[in-house]
Structures are given as C-alpha cells and as structure tokens.
Amino acid sequence: MQKYEIMYILKATLEEEARKEIIAKLHAILTDNGATIRDVKEWGIRDLAYPIKDELKGFYAVLKITSEPKAIHEFDRLTKINAHVLRHLIVVDQD
C-alpha cells in the first residue's frame with residue numbers, strides 16, 4: 001500500500017448540500033476500491049490563479065490516503081469526466 005495526497009477543486013457555484021454529496025461520492029470511489037482516507041482538509045472557496053472552464057473561484061479539498069494503484073486510477077478516471085471537478089492532482093506522499 002502506497003501513501004498518496006490528492007487535491008481537487010470543485011466549482012464554487014455549487015450549493016453546500018450538492019457539494020457535500022459530490023465530496024461523499026468522490027471519497028466513496030476511493031474507499032469502495034480499498035483505499036483508506038487518513039486525513040481530509042477542506043480549504044473552502046478560494047480564488048483560482050487563472051480561469052478554469054470560465055470559473056474564477058473554486059472549492060479546494062486535500063486528502064491524504066493509503067491505497068493500491070487500482071483505487072487511484074479509478075479516482076483519476078472518474079474525476080476527469082465529472083463536470084463539477086475543475087482540476088485534481090494526485091501525488092505520492094513522502095510522509
């Protein structure tokens with residue numbers, strides 16, 4: 001099992017309930033594929049450095065997880081096609 005850090009940015013225009021539902025679904029992708037979420041930090045709505053899909057703000061979240069590559073690949077695949085996710089980044093955690 002490898003440790004990873006995942007950051008994703010959701011559209012800031014989402015209602016709070018819709019945002020919570022999308023976050024739960026994103027986390028379920030990981031846990032359903034055998035990953036363990038060690039830490040979740042929601043940074044909230046922040047300005048983007050540059051416009052992404054005509055959005056100027058985004059809701060940032062950072063996860064620290066322990067997982068096999070299978071869960072990471074599935075998360076990557078599904079977030080690429082999710083219209084509510086503006087960007088995501090997955091890196092190997094050195095902690």
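We did not get these values from a lab; they are worked out from the coordinates using the rules stated. Since the model is a prediction, treat every value here as computed from it, not as a measurement. When we count neighbours, we look across all protein chains shown, and the Cβ atoms used for this are built from the backbone with ideal geometry, even at glycine.
Expressed in nm to one decimal, what extension gain is obtained for the pair Leu48 and Arg87 from 0.36 nm per residue of sequence separation less their Cα-Cα distance?
Using 0.36 nm per residue and subtracting the Cα-Cα distance, I get 13.0 nm.
Kindly provide the Kirkwood hydrodynamic radius of the chain in Å, to one decimal, from all pairs of distinct alpha carbon atoms.
Final number for the Kirkwood radius of the chain is 13.5 Å.
Which lysines does Lys3 reach when only Cα atoms under 18 Å apart count, and residues fewer than 8 places away in its own chain are ignored?
Counting by Cα, and skipping residues close in sequence, Lys3 has these lysines nearby: Lys41, Lys64, Lys70.
Along Cα→Cβ, 7 Å out, is where each label goes; now give me the distance between the ones at Leu56 and Asp32 in nm to one decimal.
Here the answer is 3.7 nm between the modelled labels.
Kindly provide the GluC sites (Glu not before Pro) of the chain that DSSP labels as loop, not H, G, I, E or B, and whose Cβ sees at most 11 other Cβ atoms within 10 Å.
When the GluC sites (Glu not before Pro) of the chain are filtered for loop state and at most 11 Cβ neighbours within 10 Å, Glu15 remain.
In percent, how large is the relative contact order of the chain, given Cα pairs closer than 8 Å and 6 or more residues apart?
48
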